[in-house]
Amino acid sequence: MREVAYNDIVDAVKNMIMTTATNLPEDTLEYLETAYKEEKSEVSKKVIEQLLENAKIARDEKRPLCQDTGLAVFFVRVGADVKVAGGLLKDAINEGTEKGYTDGYLRASTCEPFSRANLKDTVGYNLPAIIHFDIVEGDKIEIEYAAKGGGSENVSRARVFPPAAGKEGIINFVKECISDAGGNPCPPITVGVGIGGTFEKACISSKHALFRDLGTTNEDPEMAELEEIMLEEINKLGIGAMGMGGTKTALGVHIEANPCHIASLPVSVNVQCHSSRHTHITI
Amino acid sequence: MAEYNLTTPLSEEDTRKLKAGDIVLLTGTIYTARDAAHARLVKLLENGEEFPFSIEGSVIYFVGPTPPKPGDPIGSAGPTTSYRMDSYSPTMLKFGSRGMIGKGGRSQEVKDACKEHGGIYFGATGGAGALLGKQIKSAKVIAYEELGPEAVRELTVENFPVTVVNDTFGGDLYQIGREQFEVKD
C-alpha cells in the first residue's frame, strides 16, 4: 500500500487553488481567442477583447481573474492501493482549500443559507469545499478542481422527463435554460449536460462535464453529435458575450450520460462562465 | 454609439443624453452594494433615517471584491449579477441615485424607474475583475463592515469603463443586441 503524506496533499491543493485563480487554462484562452476572431458583433468582440486583456493582467500581476473566486469543487479519484498518512484525505483537501483562499487573497464566499452570515470565521475561510469521491484501481490520487462562481450556477436547472421526451425534449430544455439565462451567467459559456442516471446523478454528471477541456468530445458518437447540435442551437440564440448580442454565446457543450431507470429520463444543465477555472493533478 | 467621459455625482443632464450602447468612462466617487447592503439601505430610505452617503446623483456598483493584497486599495472587482437587486433599485432611484453598474438583465420595474427618475443601468464586463480592479484608485468601507465582501465601500475610480444597457428612453442593449443576432428557424 502506497502512502502519501497528509501535508503533501494540503500543499498540492493550496497551490492548485492559487494558480487557478489567476491563470485562465490554455483550452479556455484558445477558445476565447478563436471566439474573438469569429464573433460578428462589434460590441461582443470588444467584451472578449477585455476578457483576454483581463486574463493577461491576472496572469502577469497574479490578480484573481474574477472577484467571484467561487466555491471550491473537487472530483477526487482515490486508488484502492494508496492511503493518506497523518490524517483524512477530506480534511487535507479542506485545509488546502482554506490555505489557498487565504494566502491567495481570494474571496470567502460561503455563507449560511438564510441568515447569509459568512462562514469564514466559524466553519473556515471559504469552507466547506464541495468534494465528490470515487474509488478506482491503482495507487494514485487524482484531484480535479474547479472554482465555481455563483452567477453561472444560479441559472442551472435539472428536470426528470418521461422517456418519451427523447432527444428533442432534452435539446429544447437546454435551449430554454440558456435562453432564459441571457447574459446573467457571463457568456461565452460552457454548458455541462448530465443525461440519465437518477436525479442527483444527472446533476453531478453535468457538473463533472464542465471539468473537461474545451475541444474534447464525448466518447460515444451519438452523444458527441448531440453536443454539436446543442452548441449550434445555443449559438442561434444571439445572446453573445455578456448578453450584448452576438454569435458566440457558448464555447462548448459537454455531455455526460449514464444508464437510467426505465421510467425516467433525467436531465441536468450546469452552466460555466467564460472564466472557466479548472485544473487537475495526480499525486 | 457615442463615447462619453462623465464625472460623479451624475446630473439628470448627464444621464438623459445617454443611449443604450453608448460607452462611458466614469471618474469620481462611486459606492458598492450587493444584496445584503441593499436590503439595509432601502430600509433607511423608507424610514427616513440617516444614509451613509449622499444619494443624490450617486452611482452604485454591484460588487463584492476580493481582499486587497498588501499595498493595493482593492482586489479584483468586477460586477455581480444585477437582477438580485431588482426589488431595491427603484427605491434607490426614487430617492436620487442616478446610476447602477452590474451585469445581466433588469426587470421592467427597474427600466420604468430609469425612465421616470433619469437613471441609467450600466453594464461592466463580468469576469474582468483584475482589469476593472485596476481602475479603482482608493477604497474605504463606510457601512456594514460585518458583511465582509458585501460591505458598503466608497470607491474612487478613474476612467472606469462601462456600457449603457438601460437608458432613460426605455432602450435595452441586451434586447437590441440579441434581436440583431438571433437566428430563427
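The values are calculated or read from the model by the stated rules, or taken from the named source; none is laboratory data. Keep in mind that what you see is a predicted model, and the values were worked out from it rather than measured. Please note: Cβ atoms are built from the backbone with ideal geometry, for glycine as well, and neighbour counts cover all protein chains shown.
Some observations on this one:
Here is a yes/no grid of residues against (1) within 12 Å of chain A (Cβ to nearest Cβ); (2) within 18 Å of B:Pro67 (Cβ to Cβ); (3) of a type in the set (Phe, Trp, Tyr); (4) outside any strand (DSSP E or B):
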site	(1), (2), (3), (4)
B:Pro149	yes, yes, no, yes
B:Asn159	no, no, no, no
B:Val164	yes, no, no, no
B:Gln175	yes, no, no, yes
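- Scan region B:23-33 for residues that are within 11 Å of chain A (Cβ to nearest Cβ) and either surrounded by fewer than 22 Cβ atoms within 10 Å (Cβ to Cβ) or in a loop (DSSP other than H, G, I, E, B) (or both) and the total you get is 1.
- Where A:Met230 falls short, out of the listed (1) without any contact (Cβ under 8 Å) to a residue 60 or more places away in the chain; (2) in contact with a Leu (Cβ under 8 Å, 6 or more places away or on another chain): (2)
- Residue list for region A:123-137, restricted to those being over 23 Å from the mean Cα position of the chain (by Cα) and either surrounded by 12 or more Cβ atoms within 10 Å (Cβ to Cβ) or under 13 Å from B:Glu146 (Cβ atoms) (or both): A:Val123
- Flag if A:Ser264 is in the same structural domain as A:Asn184 (by TED's automatic domain parsing) and surrounded by fewer than 19 Cβ atoms within 10 Å (Cβ to Cβ): yes
- If you filter region A:232-257 down to residues that are within 7 Å of chain B (Cβ to nearest Cβ) and of a type outside the set (A, V, I, L, M, F, W, C), you find that the one that is surrounded by the most Cβ atoms within 10 Å (Cβ to Cβ) is A:Gly240.
- Among the residues listed as A:Ala146, A:Ala164, the single one being closer than 22 Å to A:Glu200 by Cβ, among the small types (Gly, Ala, Ser) and at pLDDT 95 or above: A:Ala146
- Those strands (runs of 3 or more DSSP E) lying entirely in region A:170-283 with at least 2 residues touching a Gly at 6+ places or on another chain (Cβ under 8 Å) and at pLDDT 95 or above: A:189-197, A:250-260, A:265-272
- Inside region B:34-79, residues that are β-branched (Val, Ile, Thr), closer than 26 Å to A:Arg107 by Cβ, assigned to a loop (DSSP other than H, G, I, E, B) and more than 7 Å from every other protein chain (Cβ to nearest Cβ) make up a count of 1.
- Here B:Ser58, B:Ser82, B:Ser87, B:Ser76 are screened, and the one residue that is in contact with a Cys (Cβ under 7 Å, 6 or more places away or on another chain) and modelled with pLDDT of 95 or more is B:Ser76.
- The single residue among A:Gly79, A:Gly100, A:Gly86, A:Gly138 that is modelled with pLDDT of 95 or more and either under 30 Å from A:Tyr31 (Cβ atoms) or facing chain B (nearest Cβ under 8 Å) (or both) turns out to be A:Gly100.
- In the set B:Asp112, B:Asp172, B:Asp185, only one residue is modelled with pLDDT under 95, closer than 29 Å to A:Thr249 by Cα and over 15 Å from the mean Cα position of the chain (by Cα); that residue is B:Asp185.
- Any hit, region A:39-51, residues being surrounded by fewer than 16 Cβ atoms within 10 Å (Cβ to Cβ) and touching a residue at least 40 places away in the same chain (Cβ under 8 Å): yes
- Residue within region A:69-76 that is buried (at least 24 other Cβ atoms within 10 Å of the Cβ), among the hydrophobic types (A, V, I, L, M, F, W, C) and under 27 Å from A:Met244 (Cβ atoms) present: no
- Restricted to region A:1-77, the set of helices (runs of 4 or more DSSP H) holding at least 3 residues that are among the basic types (Lys, Arg) comprises A:42-61.
- Total residues in region B:4-22, condition in a strand (DSSP E or B), closer than 23 Å to B:Ile142 by Cβ and of a type outside the set (S, T, N, Q): 1
- Taken over region B:105-141, residues that are under 19 Å from A:Thr69 (Cβ atoms) and either in a loop (DSSP other than H, G, I, E, B) or more than 7 Å from every other protein chain (Cβ to nearest Cβ) (or both) amount to 9.
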